[in-house]
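Before any comments, here is the structure.
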Amino acid sequence: MLSQEVVFERIGRYGVVPVIALDSADWALRLADALWEGGLPIVEITFRTQAAAEAIRRIAQHRPEMLVGAGTLLRPEQVDSARASGAQFGVAPGLNPQVLRRAQELKMPFLPGVATASEIEQALSLGCQWLKYFPAEAMGGVKILQALWGPFAHTGVRFVPTGGINESNLAQYISLRYVAAVGGTWIAKSDEIAAGRWTEITQRCQNALRIVAQTRSAAH
Ligand code: 3PG
């Protein structure tokens, strides 16, 4: 298993985490290949479908070059299942101390979800500095992150905003230096996966990475 340091460095380097709900584990490897071909060797498979654990297992076993994580971990036993399947990191939409504790016991790098100052405080007190900010656009987008940054800048917190992000607003988020990466389903929608539209998924990875690279080089 990779250390938290390695996992977070890679997430930050890529800048984009494709969030995927897979209806069948049979699509897992083809999906991983489409993302890989697009230059994005990372995937977060959400525990919203029965196929999640098996999909993670197949990617971890057959595509070890991919950084595979598990999302929507709402219960401690899902953390166990994700880790046993080979997930290198975990993500949740909210901050559940029981889920977080299980991830810490298993030494699984974990990004709990936060949306308010109180939740950021709680996450920091539970030992987390990398936080999914969810649902980013609905909460106020870049503006709320800028506002929240004031009191938390000195803590070393880093955000991975998710929810309503796509090619049109990706640059706004990435331009904030405390945004390590963004997450989103726009890279590969369930219906595209079911229809096998792999070329479009690969293309969307390339577009996203181009935006990340251009935005970061403009900021320096
Ligand atoms: C998530 O679970 O992270 C969100 O559902 C992703 O939000 P999006 O579909 O707006 O990208």
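The values are calculated or read from the model by the stated rules, or taken from the named source; none is laboratory data. Bear in mind the structure is a predicted one, so any value in this text is a computation, not a measurement. In this analysis, Cβ positions are derived from the backbone assuming ideal geometry, glycine residues included, and neighbour counts consider all displayed protein chains. What goes into the accessible areas is simple: the full protein's heavy atoms, side chains included, and nothing from ligands, DNA or RNA. Shrake-Rupley method; radii C 1.70, N 1.55, O 1.52, S 1.80 Å.
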message: Which count do you get for residues in region 1-52 that are open to solvent by 10 Å² or more (accessible area, probe 1.4 Å), under 15 Å from the mean Cα position of the chain (by Cα), in contact (Cβ under 8 Å) with a residue 40 or more places away in the chain and more than 22 Å from Arg204 (Cα to Cα)?
response: 2
task: Just give me the residues in region 135-170 being exposed (fewer than 15 other Cβ atoms within 10 Å of the Cβ) and more than 15 Å from the ligand (Cβ to nearest atom), in sequence order.
output: Lys143, Gln146, Ala147, Gly150, Pro151, Ala153, His154, Thr155, Gly156
- line: Matching residues in region 177-205 (closer than 17 Å to Lys132 by Cα and either within 11 Å of the ligand (Cβ to nearest atom) or open to solvent by less than 20 Å² (accessible area, probe 1.4 Å) (or both)) number 9
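Within region 23-44, track down each residue that is closer than 28 Å to Ala171 by Cβ, more than 11 Å from the ligand (Cβ to nearest atom) and not aromatic (Phe, Trp, Tyr).
Quick first cut of region 23-44, residues closer than 28 Å to Ala171 by Cβ only: 31-44.
Adding the requirement that they be more than 11 Å from the ligand (Cβ to nearest atom) leaves 31-43.
Leu31, Ala32, Asp33, Ala34, Leu35, Glu37, Gly38, Gly39, Leu40, Pro41, Ile42, Val43, listed by residue number.
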query: Which one of these is touching a Cys at 6+ places or on another chain (Cβ under 8 Å), within 27 Å of Ala171 (Cα to Cα) and at pLDDT 95 or above: Pro112, Pro135?
result: Pro112
